[in-house]
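Notes to accompany the following structure.
The values are calculated or read from the model by the stated rules, or taken from the named source; none is laboratory data. This structure is a prediction, so every number in the text was calculated from the model and none was measured. Every residue, glycine among them, receives a Cβ derived from its backbone with ideal geometry; neighbour counts consider all protein chains shown. Heads up: the accessible areas ignore ligands, DNA and RNA and are worked out on the full protein's heavy atoms, side chains in. Shrake-Rupley method; radii C 1.70, N 1.55, O 1.52, S 1.80 Å.
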Amino acid sequence: MTRPMTAPEQARPAGGRRVPTPPAPLPIPVVDNHTHLDIARDGEEPADVGEVVAAAAAVGVDRMVQIGCDLPGARFTATLVDKHPAILGGVALHPNEAPRLAASGSLATAYEEIEALAGHPRIRVIGETGLDYFRTGPDGVGAQQDSFRWHIDLAKRLGKALQIHDRDAHDDVLRILAEEGAPDRTVMHCFSGDISVARACVERGYLLSFAGTVTFKNARELRDALSVTPLDQVLVETDAPYLAPVPWRGATNAPFLVPLTVRVMADVMGVSVPMLCEALSENSERVYGPW
Ligand SMILES: [Zn+2]
């Protein structure tokens with residue numbers, strides 16, 4: 001016997017994850033500040049970039065910053081930015097990648113290649129770099145910190161923005177940025193600190209980029225952090241394919257889901273959605289330059 005499939009079942013792909021439907025469009029276009037179009041989750045194929053860009057544009061996410069944070073990802077990013085006017089790029093060796101390359105003796109050549117790719121005029125970001133004490137154990141801390149310092153220096157030498165990955169390492173991230181001298185345009189990607197870390201970043205002039213995590217039920221601390229972030233220092237991102245916002249938590253994320261995060265952020269910040277959208281676009285252009 002056959003029974004009619006319900007909508008959620010129809011929307012479930014072979015991998016078992018739900019497939020999000022488009023949210024209501026934003027009134028003013030915004031930028032997804034950090035996405036990984038080269039990364040596919042287990043059991044999935046990377047999405048078609050043209051389709052991703054079109055789906056995002058249809059709901060008011062007119063531009064995005066593609067982040068390639070290993071050598072294959074960085075090469076992919078440098079070719080992608082030539083093909084899609086909506087996309088700018090960032091390249092770096094991820095904090096979990098640097099210790100691995102250091103251990104295999106290939107870090108120096110990897111740095112050379114990242115630096116060469118970063119010279120592209122549409123690669124406007126060095127990132128994501130920083131520290132990850134969650135995935136990398138104590139053995140890798142030295143290599144991570146050296147790599148972080150190298151990337152900070154590269155951003156300053158090339159006059160690019162810096163995007164920071166900070167997982168369970170707030171104190172050391174802030175300390176090393178202060179020791180090295182942060183670039184003029186420094187973005188805390190997928191901000192994950194509490195209200196005191198947020199205040200420290202705001203005071204130093206960094207931008208705080210919020211991901212779908214700010215919509216999660218248990219993310220009270222993150223919403224408190226957002227509530228003390230001024231309108232001219234806030235950015236939004238997906239970190240796709242990870243961290244899909246509510247009500248699609250656990251699904252594969254993509255730039256077209258940014259409106260869900262933006263609406264929650266406007267509520268937390270006590271501003272209208274159009275006002276926040278305008279700020280998000282202006283801040284993105286200020287940090288990365290026009291495109
Ligand atoms: Zn990322």
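Quick notes
- Spin-label zone in region 105-132 - amide nitrogen under 18 Å from a point set 7 Å from the Cα of Tyr242 along the C-beta vector: 127-132
- Here the extension length gained between Asp42 and Glu203 equals 54.0 nm, from 0.36 nm per residue of separation less the Cα-Cα distance.
- Heavy atoms of Arg167: accessible area, 1.4 Å probe, square angstrom to 10: 80 Å²
- Inverse mean reciprocal Cα-Cα distance (Kirkwood Rh) of region 229-277, Å: 11.3 Å
- For the pair Arg220 and Glu179 in one chain, pulling the backbone fully straight at 0.36 nm per residue adds 11.7 nm over the alpha carbon distance.
- Once the chain from Ile195 to Phe134 is taken as fully extended at 0.36 nm per residue, the excess over their C-alpha distance is 19.9 nm.
- Once the gyration tensor of the Cα atoms in region 70-150 is diagonalised, the equivalent ellipsoid follows with semi-axes of 25, 12, 10 Å, ordered largest first.
- Nearest-ten-degree value, helix 49-58 long axis tilted from longest Cα axis of the chain: 60 degrees
- Rel. contact order, % - alpha carbon contacts under 8 angstrom, at least six apart, the chain: 20 percent
- Dipole-positive endmost among Ala116, Val61, Tyr206 within the chain (Cβ charges, Cα centre): Val61
- Summed over qualifying helices (DSSP H, 4 residues or more, each -39500 (n - 2.57)) and divided by its residue number, the chain shows a 222 nm mean residue ellipticity of -12500 deg cm²/dmol.
- Accessible area, probe 1.4 Å, largest first, for residues Cys190, Cys201: Cys190, Cys201
- Highest-MSF residue in the chain out of Thr77, Thr35, Thr21 [GNM, Cα springs under 10 Å]: Thr21
- For the residues Pro241, Pro22, Pro72, a GNM of the chain with alpha-carbon springs under 10 Å puts the largest fluctuation on Pro72.
- Debye log10 I(q)/I(0) for the chain, one point scatterer per Cα, at q = 0.07 Å⁻¹: -0.24
- Prolate/oblate/rounded label for region 131-216 (Cα gyration tensor, a/c 1.5): oblate
- Note that region 78-199 carries a Kirkwood radius of 14.7 Å, evaluated over its alpha carbons pair by pair.
- All C-alpha pair distances within region 167-291, sorted into 5 Å bins from zero, spread as 2, 11, 22, 24, 21, 13, 6, 1, 0 percent across the bins.
- Taking only alpha carbon atoms, region 31-75 gives an Rg to Rh ratio of 0.99, where Rh is the Kirkwood radius.
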